[in-house]
Amino acid sequence: MLNGSAPYAYLNQEYYVVGLYLPHASSDPLYIFSDQTPKKIRMVISANRWSVRMWARDWQDNFSINNSVANVSERVQGALENFVSLPREDLLRGDEITVEYAPGRGSALRFNGDIVFVDPAPSLINAFLSVWIGELPPSREFRQRLLAGDGTSHSILELGVIPTDRLHIYAGWMRQDEERRLAQQAEEARLAAEKDLRAHQAEQLRLAELRAAQERQLAKLRAEAEQKEKQSALKVAPAPVSSLPVVSPVVVQAKPPAVLATEQYYFLQLLRWKIYKAFINEINPDVGVLSRAGGVVRCEFYVDRQGRVVRLSLEETEVKKVFADEVVRAIHVVAPRIKAPDELEGKKWQINMEYDFALERQAQHVIAMPQRPESLAVSE
């Protein structure tokens, strides 16, 4: 039965009318708040329009003033926060919010017929009752009218008809929220795919540039070998005329320039492989795990025959400084340990290195040990 009703107004503007329903008339708050008392409240909007901003401001203040956080579960706190942000558009006259509690079944909050929240305890409905009949109600008269116990009603409560075009509007809001969420997920997935594609394209470009650099270096080595062979041929002097018997010299078969270039390329790749293998063993893979982040660090440097690192440069990437510092440290530790092959010509050589730090340990890209050319095996 209707225990009492009261309109809520602010600055001479009426916003809603609330009715309290109990099994029988009572003005005892202890009985009304009891877990054993079934109860229901109906709040019907009486203003022609109640803006979302004003709604959120009023209910945020009402709940925070009349409800102690210590007495409300986190679940109900979340429900009240959702109630404050419930409308997706301005409320209109005739919109109806109900909260009903039955012992053993819990509380249920509905908006225009749609269930918004369910809680097994009476704390949800009591949070609303605290706003109206607690220690700080909207006014003394407001509290007295709800506790009157005389069944005094209000015309808008007696009408009790939710406008047809407002029925189940909450379900429509939920569908719109879900559509926006799915659209946001799709957009995030699209952006992530584009980022992955750009990263893949950048990696392919880097590998292509690396292969081109290696091919240019191999061509340079071949050209240098051919040039040395020509210079050696020019330095061969004609045999002097002698009365001594002519003895045929032992002919040493010189290697073609292409073979020499291939051998030099092998020795260079062997140096790079040894440094990379030592680098992977030296680096601390837990840096990514401890930093709770990830990222790939790429760098280029030159190493001389004494193992000194010169002209080290890092590729511009959005990675943490701690990752770059770890890569630089590992390079300076391992480079002096690795001796360049004696057969490798030159004073310093270019080395490219990268490491993928991850939130979880993972296997790094493996560089295969270069295959020894057949010409070296034959010569040995």
Query raised in the report: If you keep only loop residues by DSSP, which GluC sites (Glu not before Pro) in the stretch 1-90 have at most 10 other Cβ atoms within 10 Å of their Cβ?
Result: GLU89
Report task. With unit charges on the beta carbon (Lys/Arg positive, Asp/Glu negative), name the residue among PRO257, HIS332, SER130 whose Cα is farthest towards the positive pole of the charge dipole of the chain. Result -> PRO257
Query raised in the report: Computed from these coordinates, which is volume of the Cα convex hull per residue in Å³: (i) 127; (ii) 223; (iii) 174?
Result: (ii)
Requested in this report: List, in order, the whole-Hz ³J(HN,Hα) value for each residue of the stretch 322-335 obtained from phi through the Karplus relation with A = 6.51, B = -1.76, C = 1.60 and θ = phi - 60°; use x for Gly and Pro.
Outcome: 4, 5, 4, 4, 5, 5, 4, 4, 4, 4, 5, 6, 7, 4
Report summary line: Once the dipole of the chain is set up from charges on Cβ (+1 Lys and Arg, -1 Asp and Glu), the residue from the list PRO103, GLY346, GLY149 lying farthest towards its positive end is GLY346
Query raised in the report: How high is the relative contact order of the chain, given as a whole-number percent (alpha carbon pairs under 8 Å, six or more residues apart)?
Result: 13 percent
Requested in this report: Note down the magnitude of the dipole of the stretch 168-221 about its Cα centre, charges +1 on Lys and Arg C-beta and -1 on Asp and Glu C-beta and zero elsewhere, to the nearest 20 debye.
Outcome: 320 debye
Report summary line: The pairs in LYS321/LYS348; LYS230/LYS255; LYS220/LYS347 lying past 18 Å Cα-Cα in this model are LYS321/LYS348
Query - Proximal lysines to LYS195, defined as alpha-carbon separation beneath 21 angstrom and excluding residues fewer than eight positions away on the same chain - result: LYS320
Report summary line: Taking the dipole of the chain about the Cα centre (Lys, Arg +1; Asp, Glu -1; charges at Cβ), the one of ALA25, ILE275, GLY172 that reaches farthest to the positive side is ILE275
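All of the numbers you see were taken from the coordinates with simple rules; none came from a lab. Just so you know, these numbers come straight off a predicted model, no measurement behind them. Here the Cβ is made from the backbone with ideal geometry for all residues, glycine too, and neighbour counts use every protein chain on show.
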